[in-house]
Amino acid sequence: MADSVETRDVELLRGLGAGDEDAFLEFYRRHQGGLFRYAVHMSGSPNSAGDVVQETFLTLIRHSGKYDQEKGTPAAFLYGIARNHLRKLREKEGRYLPLSDEAGKNLSAAESGDAWHTNGNGHAPSRDSQGDSIHETLERAQISELLREAILTLPDHYREPVTLCDLEGKSYGEAAILLECPVGTVRSRLNRARSILLDKLRPARMGARASWVRPGEKG
């Protein structure tokens, strides 16, 4: 399936280089959504992400002839362009913007922190009562916001695998293709990024739990 997708992308990119408007539109529709989500997670701003996506496809139109099939997939070529524009954005602004409320509402369950609240088999632990459910929901909401802010503080080489694997659900192999690096590099960077995030969130999580302890209970 992946090979057929890549083959079609190569055909479309060649058509784009030959001035085929339909080829561009199909390529755009195939990749615009994923690229926008990636740019939102990396920049922290839907507005900035929209600008990055627009500039990325404009660059693709101008330089599609530079694509070399032997060096990577069309998707990797596209994401490489986006990464360059994201770096320019960061240099221009001097820092990444805090994740807006609009972006936060569109994040996946993985980003909401549920990935850190499962019991190892993909299912969240059962809750004993409605009170506990409300308590845990409020705690998760607070930790979720802190998690989004913490992700934005990561260096690019750590934030990219977190964005692709943890937030967008891509496999190590898929992320490796888009980032044009070995699978082992993606795995090691992802493990290090998760460790950094857990260190950042541990004090905040303890504080969140303490703030929601009901009278007469122990933390």
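Observations on the model:
- Peptides 179-192, 59-72 ordered by average Cβ neighbours within 10 Å, highest first: 179-192, 59-72
- Three-way shape label, segment 1-82, alpha-carbon gyration tensor, a/c 1.5: prolate
- Inter-site label distance for Glu91 and Lys71 at 7 Å from Cα along Cβ, in nm: 1.8 nm
- Couplings for segment 7-16, taken from phi via the Karplus curve 6.51 cos²θ - 1.76 cosθ + 1.60 with θ = phi - 60°, read 4, 5, 4, 4, 4, 5, 5, 5, x, 4 Hz in order; Gly and Pro are left as x.
- Rule-of-thumb Rg ratio for segment 11-53 [Cα; 2.2 N^0.38 Å; N residues]: 1.34
- Charge context of Val186, other residues only, Cβ under 15 angstrom, K/R +1, D/E -1: +1
- Counting Lys and Arg as +1 and Asp and Glu as -1 over every other residue whose Cβ lies under 12 Å from the Cβ of Lys170, the net charge comes to -3.
- Per-pair calculated FRET efficiency, R0 = 22 Å: Asp3 and Ser171 via Cβ, rounded to 0.05: 0.90
- Taking Cβ atoms as reference points and 10 Å as the exclusive limit, the residues near Leu89 contribute a net charge of 0, counting Lys and Arg as +1 and Asp and Glu as -1.
Bear in mind that the values in this text are calculations on the coordinates, not laboratory data. In this text, all values refer to a predicted model and were calculated from it rather than measured experimentally. Cβ sites come from the backbone with ideal geometry, for glycine too, and all protein chains shown count toward neighbours.
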